Structures are given as structure tokens and as C-alpha cells.
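A short reminder: the numbers here are calculations on the coordinates, not readings from a lab. This one's a predicted model, so the numbers in the text were calculated from it and none came from an experiment. Cβ sites come from the backbone with ideal geometry, for glycine too, and all protein chains shown count toward neighbours.
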Amino acid sequence: MKIILREDVKDLGIMGAVVDVANGYGRNYLIPRNLAVEANAKNLKQFEHQKNMILAKAKKVKKSSEDLAKQISALTLSIEVQSGEEGKLFGSVTSMDIAEAISKQGIEIDKRRVVLEEPIKRLGTYTVSVKLVQDVTANVTVEVKQAGAAEA
């Protein structure tokens, strides 16, 4: 029996693949769970149309993400924090702090998109990656500065 996979199925194939399976496996497992549809002319034509729509939407999302990446890469963020001797911070600068600083510039970014290997714990200038979509990443410059004047 030939079927078109609607989702990725482990050890069988990826979404959109036309595969040959045993009749019982297709009829009793894959089709009832909406993991696949029978590969007939009507379903093949309908799936191609859906595939084209998905690809067009993906192109549009990627284009807008690339524009957003250019805006983010042009930013230089300044974050003021309390610090002690030798530039050690009282606490740390996290991805949430960086996302808030970006949103103050008028660009809304989810904190999970900010890629930090570990929180920033010293004063200085850092380059931080912001992953927008699968293959679009922007780098933003973050300056961590001493807050206010040091007390004597």
C-alpha cells in the first residue's frame, strides 16, 4: 500500500514522503492516527498544494526574520548593573535582561531566543547571539557598565 506521510514517522520517513507499507500497518495504524493518507491522485494533488502554501509562508517568515536580524545586529545595548571590586557583578546579566533591553529599543524578542552560554558576570563588552528562526541568527553587542558612581 502506498501512503503519503502527514508527519515524520520514526523508521519510516519524513513528512511528505510517499512510502510503501504493509496494508495492515497503513490501514490500522497510520491512517487512523492521521499520520498518513492513502497515496491516490486526489491526495497527491491536495498535498502538493498544501506543500506549496507552507513553502510560501516559510519564505515570508524567513524574509521578515532577516530584516529583523539586520535591525538587531545594528543595536548596541547598554546595561547598567551594580558591581564590586575588579568588575565582578552583584548577580548576573541573563538572557531575560538582554531581551528586555532589546524590547526597550522597540523590537520584541522572546528571552528564549537569546543564546547565552552562561550568564554574564563581569563588566565589559560582549557579543550575544539572538536566534530568530532555524537558520537566521543576529549578533547584538552588549555593554555591561557600572551603575551610577562608585561610593567611597
Problem set entry | Where N is the number of residues in segment 1-126, Cα Rg divided by 2.2 N^0.38 Å | 1.76
Seminar exercise, completed: Between the Cα axis of helix 41-73 and the main Cα principal axis of the chain, the angle (0 to 90°, nearest 10) is 10
Exercise. Which entries in the list 88/111; 104/145; 70/104; 2/57; 63/121; 2/62 go over 26 Å, if you measure between the two C-alpha atoms of each?
Worked result: 2/57; 63/121; 2/62
Exercise. Which residue, chosen from 43, 102, 13, occupies the Cα position most advanced towards the positive end of the dipole of the chain, where the dipole is computed from +1 (Lys, Arg) and -1 (Asp, Glu) charges on Cβ about the Cα centre?
Worked result: 43
Seminar exercise, completed: When the chain is treated as a Gaussian network with springs between alpha carbons less than 10 Å apart, the largest mean-square fluctuation among 53, 96, 15 is found at 15
Problem set entry | Local electrostatic count at residue 128 - Lys and Arg +1, Asp and Glu -1, tallied over other residues with Cβ under 15 Å | 0
Problem set entry | Cα long-axis angle, helix 95-104 against the chain (0 to 90 degrees, to the nearest 10) | 80
Problem set entry | Net charge of Cβ neighbours under 13 Å - reference residue 77; Lys, Arg +1; Asp, Glu -1 | -2
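Divide the volume of the convex hull of the Cα atoms of segment 2-64 by its number of residues and quote the answer in cubic angstrom per residue.
Enclosed volume per residue, from the Cα hull, is 83 Å³.
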Problem set entry | Candidates 133, 115, 37: whichever shows maximal mean-square fluctuation once the chain is modelled as a Gaussian network with Cα springs under 10 Å | 37
Seminar exercise, completed: residue 135 and residue 118 label points (each 7 Å along its Cα→Cβ direction) are spaced in nm at 3.3
Exercise. Highest GNM mean-square fluctuation, the chain, Cα pairs closer than 10 Å: which of 107, 72, 31?
Worked result: 31
For this session: As a check on your grasp of the helix formula, calculate [θ] at 222 nm for the chain: sum -39500 (n - 2.57) over DSSP H runs of n ≥ 4, divide by the residue count, round to the nearest 500.
Result: -10000 deg cm²/dmol
